[in-house]
Amino acid sequence: MLETARVGYAFGLNPEGQLVHTYWGPRLPRSEDYPRPVSVPEWASFSPAAHLITEEYPAEGGPKYIEPCLKVHFADGTRDLDLRYQAAHWTDGTLQVQLRDAVYPLQVTLHYRPHPSHDLIERWTTLHNGGDEAMVLDRVWSAQWHVPAGEQDRLSHLTGRWNDEFRLHREPLTPGVKVLESRRLTTSHHHNPWFALDRGQAGEETGEVWFGVLAWSGNWKLAAEVTDFGQNRISLGLNDWDFAWRLQPGATFQTPASLGGFTPAGFGAASRCLHDFIRQDVVPRGQEVRQVLYNSWEATAFEVNEASQVELAEVAASLGVELFVVDDGWFHRRDSDARGLGDWWPDEQKFPDGLQPLINRVKGLGMAFGLWLEPEMVNPDSDLYRAHPDWVIHYPARARSEARNQLILNLGREDVQAYLIDLLDRLLRQHDISFIKWDMNRNVSEPGWPTAPGDPRELWVRYVQGLYHVWDTLKARHPQVVWQSCSGGGGRADLEILRRADQIWISDNTHAPARLEIQEGFSQVFPASTMEAWVTDAGHEQVPLRFRMHVSMTGTLGLGGHLAHWTADELELAREEIARYKTLRHIVQFGNQYRLRAAQQSAFSAVQYVTKDQTEGVVFAFRTHLARPTTLPPLLLQGLDPDALYEVEGVPGARSGAAWQHVGLTLKLADFESTVRTIRRVGD
Ligand code: DGJ
């Protein structure tokens, strides 16, 4: 039995010695309440016992036709596992359950770490080869989650593409297997390794929801299976497509972690549970206030030089910006996306005296300095590629397909890792840099590794391990740096990258109405403190600056427009809203988030944040375009103490939290109008 504050999870051995899952849901009052595994005989020759029990971590072997978590290929050609329970013990807050194959020297350990205050259970698996012959892992998933079946179960997941990430889909879970995955080397814009499962009736603040994530930044797979006996099984792990791992004698392989949670209080509560966990346990600087930043990309693109950046920095500083980030275009011969990647030193023409004079100027203006990098990439037109053409992912006999004129360095290679660590370490040592935006702008093709030390298909995992190693080493050497993960926007957003990155650039789409929807999808998993949001010039003909500011103020506010072109009135407005954001950001970044009305479903949307002590809150409301004249329905506020008295900015008089929740806040907004209202507790 694993218990968190409100959740129970149980499994055990049935009389046949199989490890069987028996319960996941609300915590039960007595330990005897949790069901014990029972013996289940074969039902028919076509329906073996494995289809009737809910094996905790099914392996491929014996009569069994459901999705297994583990497939192994032994040296003698056997591709069948017979895992037997050995022992279980607790170490450092983690339950370890040891299984062993009946014949072959393979030890499988299931790890369970409950996170009591977050109602989450973290699971991962390790495999150890105790023999003297290699064995090949064909599939090794982190966990299978057994979600009790209801009548109308629904699967919620996030899909999208570049410039349109994090679209929420909610669909019936039907017999068969629904697969979500990435085959792109990164987490991907297209699906995110997250799921929520409900009984068809859960809402934002009501109903039972089971949910989970995989903490991995490379190829992954989620298989949502409804078996022939109507069991729901959600498996998460490394993608087994084009995958193999040669487990050498004496070696151990560890899977990424998967986290699962349950709440009786709707999708909003499921998100808040993940938000708190991410802020407290995942993001290294999860408790630190995020600075208001300026990013140069949409203003100056590759036209980066000292003069163009100083011009922007001066205006940015006068508006209250705290961190000035120079994006792409600053390094050796980087005049377009056709060349330069890999040569990470300042361009001699654009910065004849190096970057330090610009950094000094930025610091003199009272801001910290940040820089863009894309360390994993190389343009064929670069000194690095000319010196090491063999360092990229490729097949010798195939063309090297370029995307955005670039190829991918094989970070699985130790020499590539060492090179990057050395070069970037020097860059960080030689300059006063407080922030790095780590970008990655293409997906892989021709995934060859001619000199691979093991099976070349290990590339998918070794690359990501190499990425983590490079990033972790730089992080350890430069603890002052705040890091941002970007992959052409939201292509690499997951819980494991957030152990390195403090925040994420979630989309290249900065058009505010589209952004509202993307941000809302992102919030299903990630807290506002990790969501960087710039105000740019995109859509300025139609969407007022105040609206654009408010959209970005629901996350970590940044600016990205061409400030030198903004009018005096626009600058004044931006100054006011930045100052206002600074008074609110502790609520937005660290408070509980409530999606009051969904931007992906309605032209009238709203999101609210409330501090943990329920003394302060803020609500943001947006109206995009409503075709017909209409009055807006009241916003039913959430998260307030029902008995306490609260004032909402702009509304005379105080009302109880219960009244704000059940009577609501009535607003008048025209098309492309928005409002920000603070909420203050004024009495008990
Ligand atoms: C893609 C990123 O998402 C953008 O913000 C910008 O950094 C460009 N790359 C620069 O090439």
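Scan the range 321-337 residue by residue and report those that are of a type in the set (A, V, I, L, M) and within 12 Å of the ligand (Cβ to nearest atom).
Once the filter is applied, which keeps residues that are of a type in the set (A, V, I, L, M) and within 12 Å of the ligand (Cβ to nearest atom), the range 321-337 yields Val325, Val326.
Go through the residues of the range 101-115 one by one and say whether even a single one is modelled with pLDDT of 95 or more and touching a helix residue (DSSP H, G or I) at 6+ places or on another chain (Cβ under 9 Å).
Within the range 101-115, one or more residues are modelled with pLDDT of 95 or more and touching a helix residue (DSSP H, G or I) at 6+ places or on another chain (Cβ under 9 Å).
Condition first: under 32 Å from the mean Cα position of the chain (by Cα), surrounded by 19 or more Cβ atoms within 10 Å (Cβ to Cβ), on the phi > 0 side of the Ramachandran plot and in a loop (DSSP other than H, G, I, E, B). Can you find one or more residues in the range 299-319 that meet it?
No - not one qualifying residue is present in the range 299-319.
Residue pairs, Cβ under 8 Å, 6 or more apart or interchain, first in the range 480-496 and assigned by TED's automatic domain parsing to the domain that holds Asp432 and among the hydroxyl-bearing types (Ser, Thr, Tyr), second within 11 Å of the ligand (Cβ to nearest atom) and modelled with pLDDT of 95 or more. List them.
What qualifies is Ser485/Trp438; Ser485/Arg492; Ser485/Ile504; Ser485/Trp505; Ser487/His189; Ser487/Asp439; Ser487/Met440; Ser487/Asn441.
For the subset of the range 655-684 comprising residues that are farther than 21 Å from Asp643 by Cα and among the aliphatic types (A, V, I, L, M), which member is surrounded by the fewest Cβ atoms within 10 Å (Cβ to Cβ)?
Only one residue fits best here, namely Ala670.
Being hydroxyl-bearing (Ser, Thr, Tyr) and under 13 Å from Ala10 (Cβ atoms) is the filter here, so list the residues in the range 23-52 that pass it.
Hits for the range 23-52 are Tyr23, Ser31, Tyr34.
Working carefully through the options Arg575, Arg585, Arg623, find the one that is buried (at least 17 other Cβ atoms within 10 Å of the Cβ), at pLDDT 95 or above and either touching a Pro at 6+ places or on another chain (Cβ under 6 Å) or not assigned by TED's automatic domain parsing to the domain that holds Leu669 (or both).
Unique residue meeting the criteria: Arg585.
Hey, can you tell me all the residues within the range 389-434 that are part of a strand (DSSP E or B) and among the β-branched types (Val, Ile, Thr)?
Val392, Ile408, listed by residue number.
Consider Glu171 carefully, then state whether it is free of Cβ contacts under 8 Å to residues at least 40 places away in the same chain, in a strand (DSSP E or B) and charged (D, E, K, R).
yes
For the range 197-256, give me every one of the strands (runs of 3 or more DSSP E) that falls completely inside it and has 1 or more residues that are of a type in the set (Gly, Ala, Ser).
It comes to 209-215, 220-226, 232-238.
Looking at Ala621, Ala606, Ala598, Ala579, which is the one that is of a type in the set (A, V, I, L, M) and more than 30 Å from Gly266 (Cβ to Cβ)?
Matching residue, one of Ala621, Ala606, Ala598, Ala579: Ala579.
Only residues in the range 398-415 that are on the phi > 0 side of the Ramachandran plot count as the first member; pair them with residues that are in a loop (DSSP other than H, G, I, E, B), Cβ under 6 angstrom, at least 6 apart or cross-chain, and list the lot.
Arg404/Asp337; Arg404/Asn441; Arg404/Arg442; Asn405/Asp337; Asn405/Ala338; Asn405/Asn379
Would you check which residues across the range 280-320 are more than 15 Å from the ligand (Cβ to nearest atom), farther than 20 Å from Ala574 by Cα and of a type in the set (D, E, K, R) and list them?
Correct list: Asp281, Arg285, Glu288, Glu306.
Restricting the range 412-441 to residues that are among the basic types (Lys, Arg) and either more than 19 Å from Ile393 (Cα to Cα) or within 16 Å of the ligand (Cβ to nearest atom) (or both), which is surrounded by the most Cβ atoms within 10 Å (Cβ to Cβ)?
Here the answer is Lys437.
One line per residue, one yes/no per condition, for (1) under 30 Å from Glu517 (Cα atoms); (2) surrounded by fewer than 22 Cβ atoms within 10 Å (Cβ to Cβ); (3) not hydroxyl-bearing (Ser, Thr, Tyr):
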site: Val97; (1), (2), (3): no, yes, yes
site: Val108; (1), (2), (3): no, no, yes
site: Leu120; (1), (2), (3): yes, no, yes
site: Leu127; (1), (2), (3): no, yes, yes
site: Leu137; (1), (2), (3): no, no, yes
site: Ala149; (1), (2), (3): no, yes, yes
site: Arg161; (1), (2), (3): yes, yes, yes
site: Ala196; (1), (2), (3): yes, no, yes
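The values are calculated or read from the model by the stated rules, or taken from the named source; none is laboratory data. None of these values were measured; they are calculated from a predicted model. All Cβ positions, even for glycine, are placed from backbone atoms using ideal geometry, and neighbour counts span all protein chains on display.
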